[in-house]
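Read through the structure below, which is laid out as structure tokens, and then see the notes.
Nothing in this text is a laboratory measurement; each read-out follows from the coordinates by a stated rule. Because the structure is predicted, anything quoted here is derived from the model rather than measured. Cβ: placed from backbone, ideal geometry, glycine included. Neighbour counts: every protein chain shown.
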Amino acid sequence: MTTDQSEESNMEINQHPYADLLRKEMMPNIWCSSCRIGRIKNTFIEAIQQLGYDPDKCVVVSGIGCSSRIAGYLNLDSIHATHGRAIPTALGVKLANPELKVCVMGGDGDILGIGGNHFLALGRHGHDINVFCMNNFGYSMTGFQHGPTTPLGARTITTSSGSPYVPINPVAVALAAGYTFVARSTSSHPYHLIDCMISAMKNRGPSFIEILIPCMLYERRNKIKSLEAIFLEKAKIKETLSEEDINQGDFMKGISLGIFRDAPVRERPRLSLVKSTKKTAAKKFRISFKSRASGIKYMQIRMEGTGGQGIVQGGKTLILAAMNMDPKLNSTLTKRYGPEMKGGSCLTDVLLSSQPVDYPFVEVPDLLMMMSDIVAKERGGKVIISDKGTIVVDESMVDLRLLRNLPKTVKVFKIPATQIARENFRVVVANNVLMGFVCKVTSIIDKNCLKAAILKAAPPGTEEMNLAAFERGYKFRKS
Amino acid sequence: MSDDNQRTLLTGNDAVVEGLCCAAGNKRRIVYAGYPITPASEIATRASVIIPRRGGAFIQMEDEIGSIQAAAGAGLTGAIAVTATSGPGFSLMSEGLGFAAMIESPVVCINVQRGGPSTGMPTWMGQGDMMQARWGTHGDRPVIVLVPNSVQETLLLTYEACKLSQKYLIPVALMLDEIIGHMEEPITIPELPPIPSAPDVEIIGKGHRLHRTGLTHDLEMHLPRINPDAQEKLVRYLLDKIKKDAKKIVRYESFGAVEDAEVIIICYGSESRSVRAAVKQARKKKLKVAMVRLITAWPFPKDFIRKLDKKKRVYLVAEINAGQMRIEVERYIKNGTVQGLNLMGGRIHTPGEILEAIEERMSDDN
Amino acid sequence: MKHEVSPARYWNIKECTIPVGKVTIIANFCKGGDDCDECIRFCPEKVLVRGTVPNERGYFPPVLVEEEKCTVCGRCQLYCSENAIFVQKIGERTVTPEEIVVREENF
């Protein structure tokens, strides 16, 4: 095109009634002669104009394919995303700025094939996004391979003797997925389509319109003279549609066009924020403590046992207590457990140090709290402890023979914590029974600091029991 | 309970969410789109409570591909867009990260690394995604990858990642690992200024009627231009965003006297904690050892590493993979010898193991 | 469906006036020819016929005959994928009620 002529075209296009919504720099468009995708673009422009939406607040998102090129020709905020990912991209835009009107344009391969997962999920998420799916029965941009909607027996370049695959029914899928607006139309009924688009955009939930469009490649390969003529002949626009009409999507037999569902968006339960019962509980059980310099240089503490015994919680209590006692102390907590929530081996490492903690795991513990012997047994019965260390064992759970070969310098304290917890409270507080005992026999951490930490670490509603368990452990004396 | 204790006990995963809140300030919207995966699930757990409370949006997407795409879309609207995942999800996100770079959407992608490949070890650590973070996408794209080694630093680097992504309009990856993600440490939540937003002309919904496409496009209007010249211009422009400012972006930390060290250990992430412990021990033994920790794995601090190369010495690259960053170090070291100290995942080296490796290299020299 | 038949949104049925239109064809955008003759086929007033002079890209844009018959129904403009044709209202003329009925049936 010479410059003169293109300037002339530019002047003329500026007077076009759609000029405001056409991206003139991109024209003329890339579609084949006689392709109807451009007409869908026109109906979309008509719909926006008739609704009177502010074009600055409309966003079109598309994926990859012939029909997805629409985004480029519309003078709106538009995103031309990757193949199949138009819906999640649109969802991101909508979530970030809910006042925008977000529409997704795409083909059957894009939305129902590669993007099928996102298509299903949108129905469930229920956000106000309009999905306009142009169904041309295959992948036309790459030369017409078969797609999710290719009719049984249709020839494409990857099913040269006829497609053996049963096509999906986009409308049925959308209805099942929970879209609040579902309609079917064709490119040959643009006024009907405008109507559907207007209703879809008014609907405040996820909307879906299946738009049948003829593709020249499909016509050629299947020796059909004009799909448009077939559409015009077979399609019936219906005011009210029955369940049978859902399946009337095969253009050779008869197509039912119309709106299958136009439901109000379901009332979503209001976001209920769980009130932090922890805080109220903390007010009820207030324990004051004094912070002091702890004098701890470097201390390795390990708590080990079986998952479900509150090993991680115990470790957390310890580190919180240490924080309470000496706010300047550096500390780290790491934990190791299997994938199972209960029953597997579990250990928690707490490091307390005056310097920043480097290696975050306990190598040789100074204080070992054994709630069960599962970890030691996994290690081949070996109990790792520093020579001058302290072991506190739950004697109701640990095979005491494991402790026989320890050096004489290691101090061992025993308490039947689980038994005490089972008899007096519930088994779950055994860790705090042990903690109380530890507090007494080791005096690493002040009692009140520990109790305040228990309040913080305990699940809401169990503070009283946990504190009582702690006291019981603290007062434990071997009979 | 006394509250004069300003420190909060948080895991690395929790600190990510706090970092996002710091970056967003009171006005910015945070959009978190994620998919649950061990060991990054806790980020989503906390985000799902905190972000809606601050007027942001939390959504659990149908998969990781959807997550990164939703984040890319949200980033274009000027929100702080973030997604978090682990290795398998990061693989799925590769295309989306390239897309975000192409459409210049600021996205923060958090990868809590685990042992790989494939499903690997969901509950155990790994550092095997470092090269993927650099080269995972087809084509060339600008990359910033930050690697924290403590919970406090996770918070600060999350803030930094948001800042860098908004400044350069590119996806920024924050590579935690399972140890950092699950480790609990008392941290202070600092008062940080909300990060500056991208200019209005880069934001959709402001009346500028932008077009953003994954196709090769011109730089002014972002309209598709499929030809070698446009490609040349576009890709160079994208890469130059980071290349130009690489000196400003690059961050590293050294420990010990680097200049006259005989062995320098190069490391990052949780492994660096172990290395630091070992270097401390080695220095007590009067061994000439130093450590360099990468904070930005990409852009790689190549100038600094090149400067080190004046002297002939041993560089030990300690990492929990088969030697990914070692390849990068080898590119810039000509005089010294570069050796790897690798584990295939699940745990980091103990300080003892590293010390042993140092001593071995020392005796090699003599 | 109320819009299946063109709403003829520029017509004033009550006062029996119909618009007089001006049709603009942007020849260089047109991809008309054997494949595409939508504007010609769907024009209820048969204002357009197939052209014989090719445009820059070798397509044959339609040419106007009896432009004064155009009633600005907007069909050509909506049907044209290339946005190569559009209509503008330039005036009005009065017709008989019968004529309106016939027109509506034509659609």
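Here are some notes:
- Shape call, the protein assembly as shown: gyration tensor on alpha carbons, a/c limit 1.5: prolate
- Each of A:V429, B:V201 was scored by other Cβ atoms within 10 Å of its Cβ. Arranged with the fewest first, they read B:V201, A:V429.
- Principal axis box of segment C:17-106, alpha-carbon based, largest edge first, Å: 44, 24, 20
- For a straight C-alpha distance cut-off of 18 angstrom, the aspartates and glutamates reachable from A:K57 (same-chain residues fewer than eight places away being disregarded) are A:D20, A:E46, A:D77, A:E99, A:D128, B:D200, B:E202.
- Among the residues of C:83-89, the average count of other protein chain beta-carbon atoms within 10 Å of the residue beta-carbon is 5.
- Under 5 Å, built H, 5+ apart or other chain: amide partners of B:G346: B:G115, B:M125, B:G126
- For the residues of B:291-297, the average number of beta carbons from a partner chain within 10 Å of their own beta carbon is 0.
- Once the C-beta distance of A:I157 and A:E8 is scaled by a Förster radius of 35 Å, the resulting FRET efficiency is 0.30 to the nearest 0.05.
- For the peptides B:244-250, A:259-265, A:346-352, residues were scored by their other Cβ atoms within 10 Å and the scores averaged per peptide; the highest-first order is A:346-352, A:259-265, B:244-250.
- Solvent-free Debye scattering, log10 I(q)/I(0), computed from the Cα coordinates of segment A:98-156 at q = 0.17, 0.23 Å⁻¹: -0.60, -0.90
- Exercise: per-residue mean of other protein chain Cβ atoms within 10 Å, A:70-79: 5
- As computed over segment A:14-262, the Cα convex hull volume per residue (Å³): 115
- B:A81 long-range amide H proximity, modeled H, under 5 Å: B:V31, B:V108
- For segment B:224-238, putting each phi into the Karplus relation 6.51 cos²θ - 1.76 cosθ + 1.60 with θ = phi - 60° gives couplings of x, 9, 9, 7, x, 5, 5, 4, 4, 5, 5, 5, 4, 4, 4 Hz, in residue order, rounded to whole numbers and with x for Gly and Pro.
- Shown in residue order for segment B:148-161 are the 3J(HN,Hα) couplings computed by the Karplus curve 6.51 cos²θ - 1.76 cosθ + 1.60 at θ = phi - 60°: x, 10, 8, 5, 4, 5, 4, 4, 5, 6, 5, 4, 4, 4 Hz (x for Gly and Pro).
- Convex hull (Cα only) mean projected area of chain B, reported in nm² to one decimal: 19.6
- Listed peptides A:134-140, A:312-318, B:207-213 appear in the order A:134-140, A:312-318, B:207-213 once ranked by packing, highest mean of other Cβ atoms within 10 Å at the front.
- Length-normalised contact order for segment A:136-274 - Cα pairs under 8 Å, 6+ apart - percent: 23
- Per residue, the average separation of C-alpha pairs within less than 8 Å and at least 6 apart gives chain B a relative contact order of 17 percent.
- Ranked A:M303, A:M197, B:M325, criterion: other C-beta atoms within 10 Å, fewest first: B:M325, A:M197, A:M303
- Using θ = phi - 60° and Karplus 6.51 cos²θ - 1.76 cosθ + 1.60, couplings along segment A:145-151 (whole Hz; Gly, Pro as x): 8, 6, x, x, 10, 4, x
- Under the shape rule built on the C-alpha gyration tensor, where the axes satisfy a ≥ b ≥ c, segment A:282-362 is oblate, since a/c reaches at least 1.5 while a/b does not exceed b/c.
- Pairs exceeding a 32 Å alpha-carbon distance, out of A:K290/A:K382; A:K388/B:K286; A:K236/C:K22; A:K335/A:K451; A:K408/A:K475: A:K290/A:K382; A:K236/C:K22.
- Sorted by Cβ neighbour density within 10 Å, fewest at the top, the residues B:D177, B:D240: B:D240, B:D177
- Computed FRET value (nearest 0.05) for C:K69 with A:A229, which takes r as the C-beta separation and R₀ as 45 Å: 0.95
- Volume per residue that the Cα convex hull of segment B:253-365 spans, once the total is divided by residue count, Å³: 88
- Close amide-amide hydrogen proximity is noted between A:S396 and A:A417, A:T418, A:Q419, each under 5 Å apart and 5 or more residues distant or on a separate chain (H modeled in the peptide plane; Pro and chain starts excluded).
- Plainly put, segment A:9-104 has a radius of gyration that is 0.97 times its Kirkwood radius, both from alpha-carbon atoms, as the Rg/Rh ratio.
- Relative contact order [Cα under 8 Å, 6+ residues apart], chain A, whole percent: 9
- Cα gyration tensor shape of segment A:384-454, rounded if a/c is under 1.5, else prolate or oblate by comparing a/b with b/c: oblate
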